[in-house]
Structures are given as structure tokens and as C-alpha cells.
Amino acid sequence: KTLDRNIYANLPSVVGANHIYGRVISGTIVTLTNAGTIACNMDSGNVFTLSTTAAVGNVQINATGGVAGQKVTFIITDDATGGHVVTFGTNFKSKGTLTGVVSKTAVLEFTFDGTTWWESTTRVVELS
């Protein structure tokens, strides 16, 4: 028998700056459109940004897609009005409701087990 040493033969092709591992995409930052309810397709990237606004108010993020073992980061920036509440849908296990602070950014990280997105870290940082 011959051992096939081309371990990359069955991997999907790489397009542009994105690198695909399984179905998880790295190198892609997805800007979410601020709305009362946001459907976030986790197959579209691993980093998601959201800027909350007074015009929309509170936000709920719901996840679709994803692959077990995938890690995602949400970068959520509150506007100059502040106090906007961000909640996560039923397939998230978050550490609780995120209440925005005027002109600050929160960074939240989640890991997917195939069913549930588990929050692993949260940080609030100053805007420059």
C-alpha cells in the first residue's frame, strides 16, 4: 500500500484573505446591522462587531449555524447615549445581560459545543 502524504488534498480551497478550517472561517470581521433582533450567522465569520444606537435601543442577538469547537468574538460598542441592553438568544449561555456604558466597548467570547454557545470571557474597554 502507498501512503498518501498529501494531507491537504481534501481541504477546501482558500479564497481571498479568509482561511477555512472545517467550516469555520478566520480572518473575517462581520459588521452586524443594529436592530431590535439580530440573526447572527456564525458560519459567516469568527469576529462580529456591533455599534448600538439610541434610535434602536435594546438588542437581542440570536445565533444560527456554527460548528462544534468554533470560537467567536463579539465587539459591541455603545454610543454616546449609553445604557443600551444587549441580550443573547436561547442557544447562548451568557453570563447575563450586557448593559452598555457611554462610549465604551465590550468584548465577549463564546465557544460552541454543537448545540449551545457558551460565554467564556467578557471585557469592557475604553474607546480611544
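Based on what the data block shows, is T105 open to solvent by less than 50 Å² (accessible area, probe 1.4 Å), among the polar types (S, T, N, Q), assigned to a strand (DSSP E or B) and at pLDDT below 95? Steps first, please.
Working: open to solvent by less than 50 Å² (accessible area, probe 1.4 Å): yes; among the polar types (S, T, N, Q): yes; assigned to a strand (DSSP E or B): yes; at pLDDT below 95: yes.
The answer is yes for T105.
Mind checking which residues of segment 48-65 are open to solvent by 40 Å² or more (accessible area, probe 1.4 Å) and either aromatic (F, W, Y) or out of contact with any Cys (no Cβ under 8 Å at 6 or more places or on another chain) (or both)? First the steps, then the outcome.
Let us first name the residues in segment 48-65 that are open to solvent by 40 Å² or more (accessible area, probe 1.4 Å), namely 51, 53-56, 58, 60, 62, 64.
Those that are open to solvent by 40 Å² or more (accessible area, probe 1.4 Å) and either aromatic (F, W, Y) or out of contact with any Cys (no Cβ under 8 Å at 6 or more places or on another chain) (or both): S51, T53, A54, A55, V56, N58, Q60.
For residues in segment 108-128 being modelled with pLDDT of 90 or more and part of a loop (DSSP other than H, G, I, E, B), which is least open to solvent (accessible area, probe 1.4 Å)?
Per the criteria, the residue is T116.
Which condition number in (1) open to solvent by 60 Å² or more (accessible area, probe 1.4 Å); (2) part of a strand (DSSP E or B); (3) in contact (Cβ under 8 Å) with a residue 40 or more places away in the chain is the one that A68 fails?
The one condition A68 does not meet is (2).
The values are calculated or read from the model by the stated rules, or taken from the named source; none is laboratory data. Computed from a predicted structure; not experimentally measured. Counting neighbours? That spans all protein chains shown, and the Cβs are built from the backbone with ideal geometry, glycine included. Calculation scope for accessible area: heavy atoms of the full protein, side chains included, ligands and nucleic acids excluded. Shrake-Rupley method; radii C 1.70, N 1.55, O 1.52, S 1.80 Å.
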